[in-house]
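So the structure is just underneath, and the comments pick up after that.
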Amino acid sequence: MREKATTLYIGPQHPGITGNMMVRLKVEGDTIVKAATEVGYLHRSFEKLIEKRNWLQSFTLLCRFCVPEPDPVEESYARAVEMIEGREVPERAKYIRVLVLELARIGSYLLWYGGQSGSLGLYTVGQWSVGDRNYILDLFEALTGARVYHMYIWPGGVRRDFPKGFEKKVIDTMDYLEKRLDDYDDLMFDNAIFKKRTKGVGIIDKEKAVEWGVVGPPLRGCGIRSDIRIDDPYEIYDKLDFIVPVEEGGDIWTRALVRRQEIRQSIRIIRQVIDNIPGGEYYNKVPNPQKWALPKGDAYARTEAVRGEVGMYLSSDGSINPRRAHFKGAAYVHAITLLEHLLVGENLADVAAIMNSLGTCPPEIER
Amino acid sequence: MINDKNSQKIVDIIRNYARKHSLWILAYGTGCGAIELPPTMTSRYDAERLGVRGAATPRQADLLLITGYLTTKSLKRVIRVYEQMQDPKYVIGFGSCTINGGMYWDSYNTIKALDRYLPVDVYINGCMPRPEAVLSGFAKLQELIQDGKANGAKEYKENLKWYRDNQKKVITNWKMPEYNW
Amino acid sequence: MMMEEIKTTIIDRIKLHFSDAVEKEFSYNRLDFSVKKETVPSILFYLKEEMGFKHLSHISCVDWLEEGEFEMIFILWSPEEKIKVFIHTRVDRSNPVMDNIDMIWRQANTYEREMKEMYGIQFTGLEAPEEFLLEDWNGPPPMRRDFDTEAYAAKTYWERPGREDALDVRETVEKRTGEVLPEFAKKYKR
Amino acid sequence: MGEILQYTWGAIVSFVLAFFVGITYMGLSRIVTARVQNRIGPPWYQNFFDVFKLFSKDTSIHHGIMHHMGPAFMMVTAVMSLLIIPIFNGGSFFTNLNFHGDLIFLIYIMVFGPLGMALGAGQTGNPNSAIGVTRGLSQIVGFEIPWVMALVALMIQYKTTSIVDLMNIQAETGKWLMFTSPFAFIAAVLAMLGMFRYAPFDIVGAPQELASGPMSENGGKYLFVMMSSGAVFAFAKLTLYVDIFMGGANNLIILVVKTFILYMIPVLYGIVSPRYRTEQSVRFFWGWPTLFGLLAILQAAFL
């Protein structure tokens, strides 16, 4: 007997959706037979506006591309500008940038803990981790002056040097977090129900994964060691000692495991940065931004964010405004074609969990 | 007896007191301001102390947070959601982009002033408003509710035509059911 | 150097198969080819299937209004060789038609939907819903350079008065309140 | 005449008591949850504010007569089961309407509310409600089996179908049934986890998938009725457990202590658990809890 398919809309107003987007589902019983995403609720025309701003003014817009983790976007843009202009970055600035990127990664993973566990109804881990994320935001506040939107990584370096006693604060926070991470593990990764809900759900095919454009933790969760930090190293990542964790399986569980290990690797990187940071200049000053024109050319800079590869294609026509700044977020692939593909055949109850495990971030799709 | 003016006053005070201490936010992250809501709800700031709590559907919610800019596509859904909410209902505009467009002043896809399209009770300025600012926004709304001044929904009903005209100016393809309160 | 050898092999193989490809070398692991737009699907397919450029990193489009052309850029990444290849092509601005490549990479479908909406580039054989980011849009494709977003916003949306003169905040504060700026702040003035 | 008056008074007093205790428990559970989550949490009387606010909210939605009746069915169920469950040991004032066979009646009446709710939610036309309700009903099929098995075991063992009889037996022997028939108690407590719909068995109204499921079209006064019936029903169920397994209570303080301890089982279990999918939760209930139910029946039949 064939059941009649119901159409079910998840979003834009829905507690299970990450951000502001919509998934239109055709459901037979509890099984999804067809999924279509609809985005555009957050389209602010950033790329159009950047064409009207000068090279530095764009930073107010850049950090709003992806709200949970704005720094990789700034980093990509700054690096693309440096590539076009050939501007040197002081060594100290490179270390600070890595520190900021890794702090942002930890903060974003803590938010992910909240999303992933919350999507399965385990709110306690989310409450803990999002609460502890405030300590990371405190560090950002001390360093950059803002909690969420930092605008800290600039072409030619970073905007400010470390405040007094910042290194110790960072190390203290890392010590605290390492202790707390064990608590999260007890509640989340040792939880039989969590395993039951995540194992074998939302499986990405390993053979097809690269072709499908899967990047970041989902790809590493399929057993493919791919990370821009080691494949296409930027800043000082080639000098650092860290492991890119890989798990075989390709389901929500392995993606979660990958993230769980990565947050520890980030803490390791931060400790190394604090130990090895050289002195000296932190900013290779750009000229008056109102008159600062870049030479003609284009560049594409990629950065490893928590969601995977984010990149900025920048084209300059020799004027003081960017000709084109085209941002590519990991969610641009993950949350549309991949999500539509993955959801088919899954249980309706797992939609939110799958979306969270892919790191869906609508603002970076729509920009 | 119960419709007596003074007893109505007492009932109002009690009612407002309960309303003030039980604000259920609709879980609708319309913009980037939604990123500061998880910290507001969790341990350091803990908005649940004030009786603020999430509600899953518009039918159950009292408070609509417009967390930032609204694109025209979003605005259509927000209006629909707002009209589905039950009275008394309140709107908080979140961030400078709801006040005057903020950094999106020349964007072709975002509205610049929220109060032309929806009645706003409290604005919280800043981009992002910090959780402390959000909490103070809630406190301000509670004050207004206690004084009986949070009358956005009433104004919306009274000036529906003005709001509708503004909304229709932006939303070109107006295909929505009429407001059914 | 290792990378140089890889690059030369890639250039040789591409030149052998696609006579119209013009290469341009960049430092380290970047390699650019300019091709005619008819060649794009075949060169992408060749790069993906024969040369290991499995990962489509990005597709971008630049509007060169003065030259009357759109430039399309396909950025591919080879996970084995750790090298990225840029494929540039030019499309006539007055009649922007491209070949659809979403059978090579499924995710190209999303990029094409966006290009179609934002630049008005038609992809032959693209199967996708009409609207992607915009809804009920009846102006010109908004990412084209000749679309003036500021004028459109001024025309469509009501703007709260009070920020017309706020181009330079310091000046505005000085003018509105009569507060005298301290000396150190003046050097940041425009 | 006097008897009827006494019954009426008993009914009103026990309803008010159940309402206050139930709502307070909800508030306390929010505090407990908050403390586990590193927060301070709302005051214990927070849920009174919520309930009163919901009551004073306008309600302008109307999806048809069954939609109106849905919450009412739940309230009827809650009140009816409260009325036949004796609240205190021995005392005639709170004995209420119990009769021989009330255990069997309870088994029926306790699923009546969700069924009525199903009809109501079906009429709202909201797919989330419909899906939530089907999930709720399948989950009931899950936990009803160990629950009924536990009750049947008690009925066989003590050859009675009356709650008062069970309470009297406990009072006479001085032994609580949770010790004399432990398997039945374990099965019943496991079934209780499902009954209270805290995690891991809260898929019925899971906000992340269903936008709170059957309640999604019910705001304002509907939600008020549902919340207060939930509070009353929770108290009724807890009292029932105390009555048949934990020797009942002689006064209010003992009752509150016992019910609160029982209530903390699903709450605390819920804080640290993600939610099961429907079929997983049904499988859970048909696993160990049903086994314990079978053991209870075997114990009752052969010992």
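Data table
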{"item": "Selected residue (criterion: nearest to the other protein chains (Cβ to nearest Cβ)) from residues of region B:55-78 that are within 19 Å of B:GLY137 (Cα to Cα) and in a strand (DSSP E or B)", "result": "B:ALA55"}
{"item": "Candidate set: region B:39-54, residues that are more than 7 Å from every other protein chain (Cβ to nearest Cβ) and either aromatic (Phe, Trp, Tyr) or part of a helix (DSSP H, G or I) (or both); chosen: the one nearest to D:SER212 (Cα to Cα)", "result": "B:MET41"}
{"item": "Flag for B:TYR82 being touching a Pro at 6+ places or on another chain (Cβ under 9 Å) and not polar (S, T, N, Q)", "result": "yes"}
{"item": "Matching option when the condition is of a type in the set (A, V, I, L, M) and modelled with pLDDT of 85 or more, among D:ALA206, D:ALA211, D:ALA231, D:ALA199", "result": "D:ALA231"}
{"item": "Out of A:LYS168, A:LYS179, A:LYS196, sole residue that is at pLDDT 85 or above, buried (at least 18 other Cβ atoms within 10 Å of the Cβ), part of a helix (DSSP H, G or I) and more than 22 Å from the chain's Cα centre (by Cα)", "result": "A:LYS196"}
{"item": "Any chance A:ILE277 is out of contact with any Cys (no Cβ under 8 Å at 6 or more places or on another chain), surrounded by fewer than 21 Cβ atoms within 10 Å (Cβ to Cβ), more than 14 Å from chain C (Cβ to nearest Cβ) and aliphatic (A, V, I, L, M)", "result": "yes"}
{"item": "Qualifying residue in region A:146-153 (condition: surrounded by fewer than 24 Cβ atoms within 10 Å (Cβ to Cβ), at positive phi and away from every other protein chain (no Cβ under 11 Å))", "result": "yes"}
{"item": "Matching residues, region C:99-150, being of a type in the set (S, T, N, Q), more than 9 Å from chain A (Cβ to nearest Cβ) and more than 15 Å from C:CYS61 (Cβ to Cβ)", "result": "C:THR124, C:ASN138"}
{"item": "Qualifying positions in region A:119-165 - in a helix (DSSP H, G or I) and in contact (Cβ under 8 Å) with a residue 60 or more places away in the chain", "result": "A:SER119, A:THR124, A:VAL125"}
{"item": "Members of region D:174-192 that are hydroxyl-bearing (Ser, Thr, Tyr) and outside any helix (DSSP H, G or I)", "result": "D:SER181"}
{"item": "Residue list for region B:3-25, filter: charged (D, E, K, R) and either outside any helix (DSSP H, G or I) or more than 9 Å from every other protein chain (Cβ to nearest Cβ) (or both)", "result": "B:ASP4, B:LYS5, B:LYS9, B:ASP12"}
{"item": "From A:GLY311, A:GLY359, residue being assigned to a loop (DSSP other than H, G, I, E, B) and of a type outside the set (Ser, Thr, Tyr)", "result": "A:GLY359"}
{"item": "Matching residues in region D:239-270 - criterion: being at pLDDT below 85 and polar (S, T, N, Q)", "result": "D:ASN250, D:ASN251"}
{"item": "Residue in region B:121-152 that is farthest from B:LEU50 (Cα to Cα), counting only those that are surrounded by 21 or more Cβ atoms within 10 Å (Cβ to Cβ) and of a type in the set (A, V, I, L, M)", "result": "B:MET128"}
{"item": "Qualifying residues in region C:1-40 (those that are assigned to a helix (DSSP H, G or I) and among the aliphatic types (A, V, I, L, M)) - the one farthest from C:ILE104 (Cα to Cα)", "result": "C:MET2"}
{"item": "Among the candidates A:GLU262, A:GLU309, residue that is surrounded by 17 or more Cβ atoms within 10 Å (Cβ to Cβ), more than 10 Å from every other protein chain (Cβ to nearest Cβ) and over 30 Å from A:ASP30 (Cα atoms)", "result": "A:GLU262"}
{"item": "Matching helices (runs of 4 or more DSSP H) fully within region D:203-303 where at least 1 residues are among the acidic types (Asp, Glu)", "result": "D:207-210, D:220-245, D:278-285"}
{"item": "Among the residues listed as B:GLY29, B:GLY33, the single one being within 14 Å of chain A (Cβ to nearest Cβ) and part of a loop (DSSP other than H, G, I, E, B)", "result": "B:GLY29"}
{"item": "Output for region A:37-72, where each listed residue is within 14 Å of chain C (Cβ to nearest Cβ), touching a residue at least 12 places away in the same chain (Cβ under 8 Å) and assigned to a helix (DSSP H, G or I)", "result": "A:PHE46, A:GLU47, A:LEU49, A:ILE50, A:GLU51, A:LYS52, A:THR60, A:LEU61"}
{"item": "Selection status of C:GLU112, surrounded by 11 or more Cβ atoms within 10 Å (Cβ to Cβ), touching a Leu at 6+ places or on another chain (Cβ under 9 Å), modelled with pLDDT of 85 or more and not in a loop (DSSP other than H, G, I, E, B)", "result": "yes"}
{"item": "Residue count for region B:79-100, restricted to those that are surrounded by fewer than 23 Cβ atoms within 10 Å (Cβ to Cβ), touching a Phe, Trp or Tyr at 6+ places or on another chain (Cβ under 8 Å) and away from chain D (no Cβ under 14 Å)", "result": "2"}
{"item": "Residue match in region A:231-243 (condition: within 13 Å of another protein chain (Cβ to nearest Cβ), charged (D, E, K, R) and out of contact with any helix residue (DSSP H, G or I) (no Cβ under 9 Å at 6 or more places or on another chain))", "result": "yes"}
{"item": "Residue identified as within 30 Å of B:LEU63 (Cβ to Cβ) and buried (at least 20 other Cβ atoms within 10 Å of the Cβ) among A:VAL89, A:VAL39", "result": "A:VAL39"}
{"item": "Complete set of residues in region D:197-206 that are surrounded by fewer than 24 Cβ atoms within 10 Å (Cβ to Cβ) and either more than 30 Å from D:PRO86 (Cα to Cα) or touching a Phe, Trp or Tyr at 6+ places or on another chain (Cβ under 8 Å) (or both)", "result": "D:TYR198, D:GLY205"}
{"item": "Pairs, first more than 9 Å from every other protein chain (Cβ to nearest Cβ) and more than 30 Å from A:ILE136 (Cα to Cα) in region A:181-210, second of a type in the set (Ser, Thr, Tyr) and surrounded by 13 or more Cβ atoms within 10 Å (Cβ to Cβ), C-beta under 7 Å, six or more apart", "result": "A:GLY202/A:SER357"}
{"item": "Any hit, region C:152-163, residues being at the interface with another protein chain (Cβ under 10 Å from one of its Cβ atoms), part of a loop (DSSP other than H, G, I, E, B), over 23 Å from the mean Cα position of the chain (by Cα) and of a type in the set (Gly, Ala, Ser)", "result": "yes"}
{"item": "First in region D:101-123 and touching a residue at least 24 places away in the same chain (Cβ under 8 Å) and within 15 Å of D:LEU154 (Cα to Cα), second anywhere and small (Gly, Ala, Ser) and surrounded by 15 or more Cβ atoms within 10 Å (Cβ to Cβ), Cβ under 8 Å, 6 or more apart", "result": "D:GLY101/D:SER162; D:ASP102/D:SER162; D:LEU103/D:SER162; D:LEU106/D:SER81"}
{"item": "Region D:237-253 - residue that is surrounded by fewer than 24 Cβ atoms within 10 Å (Cβ to Cβ) and of a type in the set (Gly, Ala, Ser) and, of those, nearest to D:VAL189 (Cα to Cα)", "result": "D:GLY247"}
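The values are calculated or read from the model by the stated rules, or taken from the named source; none is laboratory data. Small disclaimer: the values here were computed from a predicted structure and weren't measured. Virtual Cβ from ideal backbone geometry, glycine too; neighbours counted across all protein chains shown.
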